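Okay, structure first, notes after.
The values are calculated or read from the model by the stated rules, or taken from the named source; none is laboratory data. What you are looking at is a predicted structure, and each value in this text was computed from that prediction instead of being measured. Methodologically, a virtual Cβ is constructed for each residue, glycine included, from the backbone with ideal geometry; neighbour enumeration extends over all protein chains shown.
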Amino acid sequence: MKKKGKLTVTITMGIACFALVMVMFMQFKIVSETDITSIETMREEELRTELANWKDKYQEANNQYEEKNQKLQEYKDKEASNAESSELIQKELDQVNVVLGKTDVEGEGITITLKDSDDVEVGKITSDNLLSIVNALKLAGAEAISINEERIINMSDIVTVNLTVIKVNQQRILSPYIIKAIGNQTYLESSLLGNGGYIDQLKKIGHDVSIEKSTKNNKIKIPKYNKEITTKYMK
């Protein structure tokens, strides 16, 4: 019985030792696989993750670059558009100033010179004479008119004060009266000469009146209206 008991214990201890060895072997195997395969696999995954992160960062930076570049182009387009608009507005403003008489101008046209006569019967040039010539020139298409360097605009006054003093734009003018007009020379001249033209009428009365056409080298120059244009009743 004692021998049988010892044999049983020996077998049991052998089995236990065998099991322990197997467990240890499995642990060594796991450790070995973990050191080589698992760690390498983990590093590969980390690299992939890091690479993916850099790709995301690059894409985000590239998107921001594209966005900024687009905004910059929009600013450039807007600036160019504003410059073009400003240039167009300036051209329109210059044209308005020309029409209003607020700009010095030059071009082809005619110069009319009238002088007071010493003959009492003939009389002196009056503001009505000057006004009649100006109106005829306007009807003939004159683009700009002046009398003794005073620019004539729609609001200009051509009047006689105290029966002897002629004023244009509230400025006194004296003989000789020099009227300049820019426009088609043929139309301007024909509006005053022939077929009862007003210059012909003045000449028949005895007034000293002459007309001179401009040349390419000697254009008509008319100064701008040098006063403020104000309105009293228009708002």
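Filter segment 140-155 down to the residues that are within 33 Å of the chain's Cα centre (by Cα) and either over 17 Å from ASN129 (Cα atoms) or in contact (Cβ under 8 Å) with a residue 40 or more places away in the chain (or both) and list them by number. Break it down into steps so the answer makes sense when it comes.
Taking segment 140-155 and keeping what is within 33 Å of the chain's Cα centre (by Cα), we get 141-146, 150-155.
Answer for segment 140-155, where residues must be within 33 Å of the chain's Cα centre (by Cα) and either over 17 Å from ASN129 (Cα atoms) or in contact (Cβ under 8 Å) with a residue 40 or more places away in the chain (or both): GLY141, ALA142, GLU143, ALA144, ILE145, SER146, ARG151, ILE152, ILE153, ASN154, MET155.
I'd like the residue in segment 174-198 that is under 20 Å from THR160 (Cα atoms) and hydrophobic (A, V, I, L, M, F, W, C) and, out of all such residues, is nearest to the chain's Cα centre (by Cα).
For segment 174-198, the residue satisfying everything is ILE179.
Kindly evaluate LYS203 against the criterion of being touching a residue at least 40 places away in the same chain (Cβ under 8 Å), basic (Lys, Arg) and out of contact with any Cys (no Cβ under 7 Å at 6 or more places or on another chain).
So LYS203 does not fit the description; no.
Among (1) loosely packed, with under 13 Cβ neighbours inside 10 Å; (2) among the aliphatic types (A, V, I, L, M); (3) not in a loop (DSSP other than H, G, I, E, B), where does ILE229 come up short?
(3)
Suppose we keep only residues that are modelled with pLDDT under 90 and in a loop (DSSP other than H, G, I, E, B) within segment 99-111. Which one would you say is surrounded by the most Cβ atoms within 10 Å (Cβ to Cβ)? Give the steps one after another, and end with the answer.
Residues of segment 99-111 that are modelled with pLDDT under 90, as a first pass: 99-102.
Then drop every residue that is not in a loop (DSSP other than H, G, I, E, B), which leaves 101-102.
Values: GLY101: 24, LYS102: 18.
Restricting to residues being modelled with pLDDT under 90 and in a loop (DSSP other than H, G, I, E, B), the top hit is GLY101.
Taking ILE15, is it at pLDDT 75 or above and either surrounded by 10 or more Cβ atoms within 10 Å (Cβ to Cβ) or not charged (D, E, K, R) (or both)?
Judged against the criteria, ILE15 is not a match.
Right, LEU188: within 14 Å of THR111 (Cα to Cα), out of contact with any Asp or Glu (no Cβ under 7 Å at 6 or more places or on another chain) and surrounded by 16 or more Cβ atoms within 10 Å (Cβ to Cβ) or not?
When the stated conditions are applied, LEU188 passes them.
Return the residue satisfying two criteria in turn: it lies in segment 92-113 and is hydrophobic (A, V, I, L, M, F, W, C) and out of contact with any helix residue (DSSP H, G or I) (no Cβ under 7 Å at 6 or more places or on another chain), and of such residues it is farthest from SER156 (Cα to Cα).
Top of the filtered list is LEU93.
Residue by residue, here is whether (1) within 22 Å of LEU193 (Cβ to Cβ); (2) touching a Leu at 6+ places or on another chain (Cβ under 6 Å); (3) without any contact (Cβ under 8 Å) to a residue 24 or more places away in the chain; (4) exposed (fewer than 14 other Cβ atoms within 10 Å of the Cβ) holds:
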site	(1), (2), (3), (4)
SER86	no, no, yes, yes
THR113	yes, no, no, no
LEU130	yes, no, no, no
ILE133	yes, no, no, no
LYS138	yes, no, yes, no
VAL161	no, no, yes, yes
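Do you know which of the residues in segment 163-185 that are hydrophobic (A, V, I, L, M, F, W, C) and surrounded by fewer than 19 Cβ atoms within 10 Å (Cβ to Cβ) is modelled with the lowest pLDDT?
Here the answer is LEU163.
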